[in-house]
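This report concerns only the one structure given below.
The values are calculated or read from the model by the stated rules, or taken from the named source; none is laboratory data. What you see is a predicted model; the values in this text were computed from it and never measured. Cβ: placed from backbone, ideal geometry, glycine included. Neighbour counts: every protein chain shown.
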Amino acid sequence: MNKQSFRILGIMSGTSLDGVDFAQVSFLREGTGWSFKLEKSVTVDHDLDLLRNLKNIAFAQTEKIKELDIQFGEFLGREICKHFQPDLGRIDFISSHGHTAKHNPVDGYTIQIGSAETIHLLTERPVINNFRAKDVSLGGQGAPLVPIGDRDLFSEYDYCLNLGGIANISFGQNGDRLAYDVSPFNMALNQISRLMGLAYDDRGSLAASGSVHEELMNDLERIEFYKQSFPKSLGYEDYVKYWVPILENANTTNQNKLRTLVDHFARQIAQACNSFGPEGKMVVTGGGAHNDFFINHLKAKLPKMAVHVPHNDIIDYKEAIIFAYLGLLRYLGLPNCLASVTGARVDNSGGDMFGF
C-alpha cells in the first residue's frame, strides 16, 4: 500500500457500442493525490456476432447473459493479449468497466458482463471489475462512476461533460461532487445515422442539413425523465422505452430528427448548467466531442461558459483512464464511488478483485 507508482490497463465499453477503449495508464503518487500519464491506447471494434448480441442484451434472459459474460471476457482477453502483450508483465492489474447488460437501480440491480476470471486466465494478470453493484446494494444509482476521477484528475475544470451513448455531467457544488445522466446522446444519434447507412453522423454534417421539427421537439421535451430530480441515471432500457417510440413515430426526415435531437440535447445540457451556474470552464469528452455541429450549438447556448474540447487522447480515452483510476482506488481500499453523486447511503469502494 506504500507503492508510489502503478501501471494499470483501463477498459471501457459504453452504450454507444462504437468500440471498446483500452488505456494503459501510469499513476504516480503526488502528495495526497495521483498524477497520470496515458502510455498507450487503442479502440477495438466489437466483432459482428458479439455486437448483434450486445445491442439487445438489456432484454436477454439470464442464461444468455451468462453466456455473453464469458464471450465478452474472451473478447477482452484476446484483444489485451493482441495489443498489449509486450507490456503485460509490467501492468500491475487490469481495471475493466465491462459492458452494462441491465441497469435498474430502482429495483436494486445492475449487471455488467465481461468475466474477470476469463480475462485473468487469458492475460495472466489480476483483474478488477463489476464496479457498480456495491453502490446499488447501498441504495445508489451505481452511476455515473466517472465523477470521482473528474474531481481528482481533471480538477482544473468546473464542469466535465461526457458525450457517449449517454450524456452525463459532473461538477462541484458547495464542497461536494454532483453528477447525473442528462439525456441519451450517441445511442439516439447513431441509431438514426444507421438508418441512413452510416455508423454515425460525422462532425454532425447530417444534422446540419436538417431543420428542427417542432412537434418532435415538444414530445422529447415532455419525457418524464427530465422532470426527475437527481441523483438519476439512464440505461438502454430507458432509451428504448421512452425515446425510441417518439423518434419512430415522428413524421419527418432522418436529417430533421438528427437536427432536432442536437437542439434538444443542447437545451437539456444547458439547462443542467444554468441550474448551478452558467459560468466557468467545461471540458467535453466522449465520441460526441467530435460532433462539431453539436459543440458549436452547445457553445451558443452557454455563452458565458468556456467550453473546451481537449486533445483526441483525452476525448476518446478519458473514461478508460478514469476506470483505471477507479481500480487503483479499489486496490488501495479507498472510496471510488461518491454518495453525493449516486445517492447511496455512504461513499463506497466498489469492484470485484480477481487473481490478486
Q) Of all residues in the range 203-259, how many are within 29 Å of ASN312 (Cβ to Cβ) and hydrophobic (A, V, I, L, M, F, W, C)? A) 6
Q: Among the residues of the range 178-196, count how many are closer than 21 Å to TYR226 by Cα and without any contact (Cβ under 8 Å) to a residue 40 or more places away in the chain.
A: 0
Q. When you look at ARG330, is it surrounded by 16 or more Cβ atoms within 10 Å (Cβ to Cβ) and in contact (Cβ under 8 Å) with a residue 60 or more places away in the chain, yes or no?
A. yes
Q. Looking at this structure, is PHE36 in contact (Cβ under 8 Å) with a residue 12 or more places away in the chain, in a helix (DSSP H, G or I) and among the hydrophobic types (A, V, I, L, M, F, W, C)?
A. no
Q.
Out of VAL182, VAL212, I need the residue that is among the aliphatic types (A, V, I, L, M) and either buried (at least 20 other Cβ atoms within 10 Å of the Cβ) or over 27 Å from VAL283 (Cα atoms) (or both). Which one?
A. VAL182
Q) With respect to THR118, is the statement that it is among the hydroxyl-bearing types (Ser, Thr, Tyr), outside any loop (DSSP other than H, G, I, E, B) and within 23 Å of LEU338 (Cβ to Cβ) true? A) no
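Conditions (1) closer than 16 Å to THR43 by Cα; (2) out of contact with any Lys or Arg (no Cβ under 8 Å at 6 or more places or on another chain), marked per residue:
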| residue | (1), (2) |
| --- | --- |
| PHE75 | yes, yes |
| CYS81 | yes, yes |
| PHE84 | yes, no |
| ASP107 | no, yes |
Q. Does LEU161 satisfy the condition of being in a strand (DSSP E or B), touching a residue at least 40 places away in the same chain (Cβ under 8 Å), buried (at least 24 other Cβ atoms within 10 Å of the Cβ) and in contact with a strand residue (DSSP E or B) (Cβ under 7 Å, 6 or more places away or on another chain)?
A. yes
Q: Kindly indicate which of VAL146, VAL136 is of a type outside the set (Lys, Arg), crowded, with 19+ Cβ neighbours inside 10 Å and over 27 Å from LEU189 (Cα atoms).
A: VAL136
Q: Any residue in the range 67-89 that's closer than 26 Å to SER26 by Cβ: show its pairings with residues that are among the charged types (D, E, K, R) and assigned to a helix (DSSP H, G or I) at Cβ separation under 8 Å, as long as the two are six or more apart or on different chains.
A: GLY73/GLU117
Q | Members of the range 294-315 found to be surrounded by fewer than 20 Cβ atoms within 10 Å (Cβ to Cβ) and touching an Asp or Glu at 6+ places or on another chain (Cβ under 8 Å), listed by number | A | LYS304
**Q.** Those residues of the range 256-291 which are over 13 Å from ASN162 (Cβ atoms), hydrophobic (A, V, I, L, M, F, W, C) and modelled with pLDDT of 95 or more, in sequence order
**A.** LEU258, LEU261, VAL262, ALA266, ALA270
Q) Which ones in the range 81-115 are assigned to a loop (DSSP other than H, G, I, E, B) and modelled with pLDDT under 95? A) GLY108
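Per-residue answers, yes or no, for (1) of a type in the set (Gly, Ala, Ser); (2) in contact with a strand residue (DSSP E or B) (Cβ under 8 Å, 6 or more places away or on another chain); (3) outside the structural domain of SER95 (by TED's automatic domain parsing); (4) assigned to a loop (DSSP other than H, G, I, E, B):
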site: ARG125; (1), (2), (3), (4): no, yes, no, yes
site: ILE128; (1), (2), (3), (4): no, yes, no, no
site: LYS134; (1), (2), (3), (4): no, yes, no, no
site: ASP152; (1), (2), (3), (4): no, yes, yes, no
site: SER155; (1), (2), (3), (4): yes, no, yes, yes
Q: Scan the range 46-64 and give yes if some residue there is touching a strand residue (DSSP E or B) at 6+ places or on another chain (Cβ under 8 Å), among the hydrophobic types (A, V, I, L, M, F, W, C), closer than 17 Å to ILE119 by Cα and in contact (Cβ under 8 Å) with a residue 12 or more places away in the chain, otherwise no.
A: no
Q | Every residue from the range 123-162 that is more than 17 Å from ALA339 (Cβ to Cβ) and within 11 Å of the chain's Cα centre (by Cα) | A | LEU161, ASN162
(Q) Given the criterion within 16 Å of the chain's Cα centre (by Cα) and outside the structural domain of PHE36 (by TED's automatic domain parsing), identify the matching residue among GLY204, GLY165. (A) GLY165
Q: Filter the range 1-21 down to the residues that are in contact with a helix residue (DSSP H, G or I) (Cβ under 8 Å, 6 or more places away or on another chain) and farther than 23 Å from ALA167 by Cβ, then identify the one that is surrounded by the fewest Cβ atoms within 10 Å (Cβ to Cβ).
A: MET1
Q) Could you say whether any residue in the range 227-240 is surrounded by 14 or more Cβ atoms within 10 Å (Cβ to Cβ), in contact with a His (Cβ under 6 Å, 6 or more places away or on another chain) and closer than 26 Å to LEU54 by Cα? A) yes
